[in-house]
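Here's the structure we're looking at; comments come further down.
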Amino acid sequence: MRQINALITNTRGASPVSIILGVVILAGLFLFPKAVESPYALHIMILFFLSTIMGESWNIVGGYAGQYSVGHAAYFGAGAYTTMILMQFKEIPPWYG
C-alpha cells in the first residue's frame with residue numbers, strides 16, 4: 001500500500017482524481033467504436049482525431065521548435081489523394097494506402 005501511495009504522490013502535481021478521470025476517458029475512447037454502430041459517428045470521430053493530430057504536430061513543430069513548415073500538410077494531402085486514387089481505379093482498400 002505504501003508503494004501505491006508513493007506512486008500517486010510522485011506524479012508532479014497531478015491529483016489522483018485527474019489520473020482516474022484520464023484513465024476513464026481513455027477507456028471510453030477505446031470502447032467507442034464497439035458501442036457506436038453508426039458509420040457517420042465513427043467517421044466524424046476519425047476526422048476529429050486526425051485534425052487533432054495535425055494541430056498538435058503543428059504546435060510542436062511551429063510552436064516549440066520554431067520551425068516554419070507546411071510540408072506535413074502536403075504529405076498528408078498527397079497520401080490522402082493517392083489512397084483515394086488507388087481505391088477508385090485499382091479497387092485497393094484504403095487501409096493499405
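Efficiency by 1/(1 + (r/R0)^6): what FRET value for residue 47 and residue 92, r their Cβ-Cβ distance, R0 = 22 Å, to the nearest 0.05?
0.55
First select every other residue whose beta carbon is under 15 angstrom from the beta carbon of residue 45; then total the charges, Lys and Arg +1, Asp and Glu -1.
With Lys, Arg at +1 and Asp, Glu at -1, the net is 0.
Hey, can you find the accessible area per residue of segment 34-84 for me, probe 1.4 Å, expressed in square angstrom? Could the numbers behind the result be given before it?
On the way: 4120 Å² over 51 residues.
Ligands and nucleic acids excluded, the figure is 81 Å² per residue.
Let me make sure I get this right: for segment 23-70, a, b and c are the square roots of the gyration tensor eigenvalues over alpha carbons, sorted descending. Under 1.5 in a/c it's rounded, otherwise prolate if a/b > b/c, else oblate. Which is it?
Oblate shape, in that a/c is at least 1.5 and b/c is the bigger or equal ratio.
The values are calculated or read from the model by the stated rules, or taken from the named source; none is laboratory data. All values derive from a computational prediction rather than experimental measurement. Cβ coordinates were reconstructed from backbone atoms using ideal geometry, including for glycine residues, and neighbour counts include every protein chain displayed. Protein only, heavy atoms only, side chains kept; ligands, DNA and RNA dropped before computing areas. Shrake-Rupley method; radii C 1.70, N 1.55, O 1.52, S 1.80 Å.
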